[in-house]
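Notes to accompany the following structure.
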Amino acid sequence: MALELRPNCEYCDRDLPPADPDARICSYECTFCADCVETKLHNVCPNCGGGFVPRPIRPATEWRPGLSLAKRPASTKRVHLSYSPEDIAAQSERLKEIPPASR
Ligand SMILES: [Zn+2]
Ligand SMILES: [Zn+2]
């Protein structure tokens, strides 16, 4: 199983190509941009309530057989949040002061 490397921020819909250092993911791979994680979500995933880490960058070069961005391409299926901005803000407000390890 490899990360899907989803193509966009679920909140603002900006593109997050595989090598983008601004991509953030939660443990379920919910994917957002760094700006939304900091200013909108306050490190609270609106889907699962967990925190975020920078998404690792998959090598473009096939250093080992079968392992590269070309061999295991990024997902092209755009993902969008199913919650309202108000609901998301309430969730962030409720959880942002609790460290992810204690949620
Ligand atoms: Zn965003
Ligand atoms: Zn999540």
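The values are calculated or read from the model by the stated rules, or taken from the named source; none is laboratory data. Predicted model only: the values in this text are computed from it and were never measured. Cβ sites come from the backbone with ideal geometry, for glycine too, and all protein chains shown count toward neighbours. The protein model used for the area step is the full one, side chains on, heavy atoms only, and it has no ligands, DNA or RNA in it. Shrake-Rupley method; radii C 1.70, N 1.55, O 1.52, S 1.80 Å.
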Of the heavy-atom accessible surface of the chain (probe 1.4 angstrom), what whole percent is carbon and sulfur?
55
In sequence order, what are the phi-derived ³J(HN,Hα) couplings for the range 78-95 according to the Karplus relation 6.51 cos²θ - 1.76 cosθ + 1.60 with θ = phi - 60°, rounded to whole Hz, with x for glycine and proline?
5, 10, 10, 4, 9, 10, 6, x, 5, 4, 5, 4, 5, 5, 5, 4, 5, 10
Which semi-axis lengths, in whole Å and largest first, follow from the square roots of five times the eigenvalues of the Cα gyration tensor of the range 1-73?
24, 12, 9
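Taking only protein heavy atoms and a 1.4 Å probe, what accessible area per residue, in Å², does the chain have with all protein chains in place?
Values: 6360 Å² over 103 residues.
Counting only protein heavy atoms, the per-residue value for the chain is 62 Å².
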Under-5 Å amide H pairs with Thr31, H placed in peptide plane, nonlocal only
Glu10
Highest mean packing first, using Cβ neighbours within 10 angstrom, the peptides 73-85, 19-31 sort as 19-31, 73-85
